[in-house]
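Only one structure is covered here, and it is reproduced in the block below.
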Amino acid sequence: MMEILGMAVEALWNNKLRTALTMLGVIIGITSVIAITSVGQGVQKATEQQIQALGTDVLQIFPGSARTGGISQGVGSSSTLTWQDAKAIQQQAPAVQVVSAYLQRPGQVVYGNLNHSTNIVGIDLNYQQARNTNLTQGRFFTAQEMDVAKSLAILGPTVRDQLFGSNGNAIGEKIRIQRNIYEVIGVFEKKGSEGSMDRDDQVFIPLTNMSNRVVGNNSLNGFAVNGIYVKVADQNQSKTAEFQVVNLLRLRHNLSPSQSDDFTIRNRTDIVSTFSTVVGLFTVMVVAIASISLLVGGIGIANIMLVSVVERTREIGIRKAVGATNSAILQQFLAESVVISSAGGGIGVGLGILIALISATMFSFPFVVSVWSVVCGFGLSFIVGLLAGVIPARNAAQLDPIVSLRSD
C-alpha cells in the first residue's frame with residue numbers, strides 16, 4: 001500500500017499544474033464550508049453573549065398600542081402601564097425576583113457651554129438589580145431621594161465622555177435638563193447597545209422626578225411608565241413568570257376574556273432561541289450552497305482521472321505486462337484520486353480556519369472552529385476523491401494489456 005501511495009504521489013508531482021488545478025475545486029469548497037461555519041458560529045456566540053449580558057432572565061413589558069383613525073401607532077404608544085403595576089407584580093407574582101419600572105424621553109443635557117442630545121430615563125430603586133448593571137463612579141439614589149423626587153442624575157459613560165471627557169470627574173457637577181438643575185452623583189458601567197438603543201448614551205434620574213418635572217403627565221391610576229423590567233427568580237421559570245404577569249395585569253386593567261392584552265411582553269430567552277435558530281438555518285443554507293463547490297471539485301477530479309487513464313494507457317499496459325494485477329492498477333488510480341482530494345481538503349481546512357480567524361479579528365467576534373466542521377470537511381473531501389476515482393480506476397484496471405501496449 002505504501003508503494004502504491006508513493007507511486008501515486010510521484011505521478012501527481014510530475015504533473016504539478018494539472019494536480020493543482022484539479023485540487024482547486026475541492027480547496028474552494030472546503031474553505032467555504034469551514035470559514036462560513038466558523039464565522040456563523042462566532043457571530044451567533046457573540047450575539048448570545050451580548051444578550052446574556054443584558055439578562056436572559058428578564059422579561060420586558062411594554063404598554064399597548066394607541067390607535068389614531070383606526071391606525072395602530074405601535075407598541076408603547078399608549079399609557080396603559082403604571083408604576084403601581086410594577087409594584088403589584090413585585091408583590092403578587094411568586095416567580096418574580098425583582099421588578100423595575102422606567103419612563104424615558106429624548107432630551108438635551110447641558111453642562112457649561114457644552115450640550116448633548118441623549119435619552120433621559122426615570123428609574124426606580126430596583127433598576128440596578130433588574131438590569132444587571134453597576135456603577136463605576138459615585139452612588140445610586142436612596143429611598144428618601146426617590147420619595148421627594150430629588151434632582152439627581154447618574155450618567156451613562158457616553159454622556160460622561162461627551163460632557164466631561166473620558167477621564168473627567170463628573171461627580172458633584174451640575175447639569176441642566178429642560179431648565180432644571182441636576183447634581184451628578186454617579187456613572188454607570190459600559191453596557192453597549194440593546195437593539196437600536198445605546199444603553200451608554202443615557203442620563204438616569206429618579207422616576208418620581210422624571211414623572212413630575214420632565215414629563216408631567218401621570219395617568220389616572222398613578223405614574224404612567226414606558227415599560228417594566230421583570231427579573232425572574234429562576235431562568236427556567238420565565239414562562240411561569242410570564243403567565244403570572246399576564247394574568248395579574250389583565251386583572252388589574254379590568255380586561256374581559258374577549259379583550260386583547262393592552263400590553264406586550266418580550267421574553268429574552270425566546271429572542272436568544274429564535275436568533276440561534278435563524279443563524280443556524282442560515283449557516284446550513286450557505287454551507288449547502290458552498291458544498292456545490294465540492295461537487296464541482298469531484299467532477300473535476302473524475303474528468304482529470306479519466307483523461308489520465310487515456311494518456312497513460314501504454315504505461316498501464318507495461319505495468320500489467322510485468323505482472324501488475326488489476327487490483328494494483330485499481331488501487332493506484334484510486335490512491336491518486338484520494339491524494340488529490342485529501343490534499344485539497346487539508347489546504348481548504350487551513351485556509352478556512354485562517355479566513356475565520358482574520359474575520360473574527362477584524363469584526364471583533366469570538367473565534368470559533370468546531371471539531372465537527374473540520375472532521376466533516378476533511379471527510380467529505382476524502383469521500384469525494386474516492387467516489388470520483390472509482391470509474392477511472394475501474395476503467396484503467398480493465399484495460400487489455402496487449403491493446404494498451406499497442407497504444408501510442
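The values are calculated or read from the model by the stated rules, or taken from the named source; none is laboratory data. Since the model is a prediction, treat every value here as computed from it, not as a measurement. Ideal geometry is used to build each Cβ from the backbone, glycine not excepted, and the neighbour counts take in all protein chains shown. Protein only, heavy atoms only, side chains kept; ligands, DNA and RNA dropped before computing areas. Shrake-Rupley method; radii C 1.70, N 1.55, O 1.52, S 1.80 Å.
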Exercise. Looking at the stretch 290-303, is at least one residue closer than 30 Å to GLN49 by Cβ, outside any loop (DSSP other than H, G, I, E, B), open to solvent by less than 70 Å² (accessible area, probe 1.4 Å) and in contact with a Leu (Cβ under 9 Å, 6 or more places away or on another chain)?
Worked result: yes
Exercise. What single numbered condition from (1) hydrophobic (A, V, I, L, M, F, W, C); (2) open to solvent by less than 10 Å² (accessible area, probe 1.4 Å); (3) without any contact (Cβ under 8 Å) to a residue 24 or more places away in the chain fails to hold for ALA356?
Worked result: (3)
Problem set entry | Selection from the stretch 214-245 of residues that are closer than 17 Å to VAL99 by Cα, at pLDDT below 85 and among the aliphatic types (A, V, I, L, M) | ALA233
Problem set entry | Residue under evaluation GLY192, criteria (1) modelled with pLDDT of 95 or more; (2) under 20 Å from SER117 (Cα atoms); (3) surrounded by fewer than 17 Cβ atoms within 10 Å (Cβ to Cβ), criterion not met | (1)
Exercise. Which residue pairs have Cβ atoms closer than 6 Å, lie 6 or more positions apart in sequence or on different chains, and pair a first residue in the stretch 93-116 that is closer than 21 Å to ASN212 by Cα and in contact (Cβ under 8 Å) with a residue 40 or more places away in the chain with a second residue that is part of a loop (DSSP other than H, G, I, E, B) and open to solvent by less than 30 Å² (accessible area, probe 1.4 Å)?
Worked result: SER100/ASP124; ALA101/ASP124; ALA101/VAL225; LEU103/VAL225
Seminar exercise, completed: Screening VAL368, VAL339, VAL310 for residues that are without any contact (Cβ under 8 Å) to a residue 60 or more places away in the chain and open to solvent by 20 Å² or more (accessible area, probe 1.4 Å) leaves only VAL310
For this session: Please verify whether the stretch 126-140 includes one or more residues that are among the basic types (Lys, Arg), closer than 22 Å to GLY172 by Cα and in contact (Cβ under 8 Å) with a residue 12 or more places away in the chain.
Result: yes
